[in-house]
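Presented below is the structure to which this report refers.
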Amino acid sequence: MALTPARIEVNNAVFSLPYHVAKEKGIFEQEGLDVTLVPAGSGRDRDKEVPDKPIEDHTAVKSYGWHEGIEKGEFSMYRACEWGQIRRTQDSCQDARVITKRAAVATQAIVVKGDSPYNIPPDLRNVLVGVNMHAGSHYITLGLLGGYMNKDQVRVGHVGGPKQRLKFLEEGKIGAAALMEPWITVALKRGHKIICEAFYDGAEVTVPSLAPDTYAAIDRSVRRAVDEIHKDIRPYLKYLIKEVPTDVCKLTWDDFYLGRFRYIYPRPYTPDEYDHIYNWMVSWGLLSADSTYDKIVDAKLSA
């Protein structure tokens, strides 16, 4: 029987690890799929897209960033932080919708240089934190610091990817940087320190043309890959390690704190969960008030 083709974007490996595992282990094929994993921002160079200085106005940064391929028809499904997925769905011209929570429960840490005078979150009042606007690093910084200070004391600046944010930190262009794995481990190996850290959810987004049967096969594949990761994640940390140039840091799986890696089965995005995030995003001016659950989430694929 012919395999059903599917093009799925993969971004940072920590967020898409079950997809890499499903591809490596032949799980997609066993579920009747011919999956092409499309790298986020395929053909682009993040080092060449770094602004001269951090951009503090989020309206000056497009919400799609490295995921714009779904708007161009390059792939039919991708995952990222739930806040960013909501915002990008609001901005979609292709009727892309949030369908489920993703498998990766990721963590981001706000990191400062090892010799920094900052040690606790309140120390970061009015300190510029490097982020990737409309992505997890942006939203997690607002969430982490917003409980310690007034909103107008939280400063975030768009720099780009985690490698670029770490570089800006070490060059003194920002006072702190929000990083995910493997860059948290890189920062610690390079002598920097964590101010605060939190886990957060992500969401899967698809376009209407993705057939329910195809999504069901993808979902089964991801669940089986999660089971493989639970057996032993260490063999698959290679996907994170290869994201770090060896001239920046040489990593082995022994460098990682494995408690930072959490993978669970994808699950429906409920109205109650959405309403909480919706109210928070609207309060920060990051989402239109008319972007209600029914306009953003299409839960029928996960029903």
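Laboratory data are not the source of any read-out in this text; all were calculated from the coordinates shown. From a predicted model like this one, the values you see are computed outputs, not experimental measurements. So basically every Cβ, Gly included, is an ideal-geometry build from the backbone, and we count neighbours across all protein chains shown.
What does the helix-only formula give at 222 nm for the chain: each DSSP H stretch with n ≥ 4 adding -39500 (n - 2.57), the total divided by the residues, and the result rounded to the nearest 500 deg cm²/dmol? Value at 222 nm, helices only: -9000 deg cm²/dmol.
What residue among SER291, SER42, SER209 has the largest mean-square fluctuation in a Gaussian network model of the chain, using Cα springs under 10 Å? Greatest mean-square fluctuation among the candidates belongs to SER209.
The tail of the calculated P(r) for region 1-136, taken as Cα-Cα distances beyond 20 Å, holds 57 percent of the pairs.
The distance separating the Cα centre of region 1-73 from that of region 168-240 comes to 12 Å. For the chain, the alpha carbon convex hull comes to 127 Å³ per residue, rounded to a whole number. For a quick check, take a GNM of the chain with Cα springs below 10 Å and name the residue from PRO117, PRO212, PRO182 with the largest mean-square fluctuation. Among PRO117, PRO212, PRO182, the largest GNM mean-square fluctuation belongs to PRO117.
Among GLU74, GLU171, GLU181, the residue with the largest mean-square fluctuation in a Gaussian network model of the chain, with springs joining Cα atoms closer than 10 Å, is GLU171. On the beta carbon distance between THR252 and CYS93, with R0 = 51 Å, the FRET formula returns roughly 0.70. Here the Karplus relation 6.51 cos²θ - 1.76 cosθ + 1.60, evaluated at θ = phi - 60°, turns the backbone of region 260-270 into coupling constants of 7, 9, 10, 10, 10, 5, x, 8, x, 9, 7 Hz, with x for every Gly and Pro. How many nm is it between the label spots at ALA211 and LYS72, if each spot is 7 Å from the Cα in line with the beta carbon? About 2.7 nm separates the two model spin labels.
Under 30 Å of direct C-alpha separation, and excluding same-chain neighbours fewer than eight residues apart, LYS151 reaches these lysines: LYS53, LYS62, LYS101, LYS113, LYS163, LYS167, LYS173, LYS193, LYS295.
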